[in-house]
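Notes to accompany the following structure.
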Amino acid sequence: MHCIYILHSDKIDRYYVGYSSNLEERLNFHENSEKRKYTYNAKDWRLYYTIECQTKSQGLAIERHIKRMKSKVYIENLLKYPEITVKLLEKYNDC
């Protein structure tokens, strides 16, 4: 399963956006690996939102789109307004 995942830390009030084809393994990496960089700053990361994608290229395109927005409000609106996710999946369907 290809998916975009968004983590949130209350401690630093930040979001982390990533892509993975194995979400459980990736979440375990964020929790336990000493090699992680960005997520190392806080220990309270929780899964905030996920978007399941059809292909790896679609997932990477949506991840880039969300990161380019550079907006906490945009990320929060993904959860608040599910139609945004539907439009993203449609927009990047041919990737």
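Count of region 45-95 residues, restricted to those that are closer than 15 Å to Met1 by Cβ and more than 11 Å from the chain's Cα centre (by Cα), is 7. Counting only residues that are in contact (Cβ under 8 Å) with a residue 40 or more places away in the chain and under 25 Å from Lys56 (Cβ atoms), region 71-94 holds 2 of them. The helices (runs of 4 or more DSSP H) found wholly in the chain and carrying at least 2 residues that are at pLDDT 95 or above occupy 56-69, 72-80, 82-91. Regarding Asp13, is this residue touching a strand residue (DSSP E or B) at 6+ places or on another chain (Cβ under 6 Å) and loosely packed, with under 12 Cβ neighbours inside 10 Å? No, not satisfied.
The values are calculated or read from the model by the stated rules, or taken from the named source; none is laboratory data. None of these values were measured; they are calculated from a predicted model. Reconstructed Cβ throughout: ideal geometry from the backbone, glycine too, with neighbour counts over all protein chains shown.
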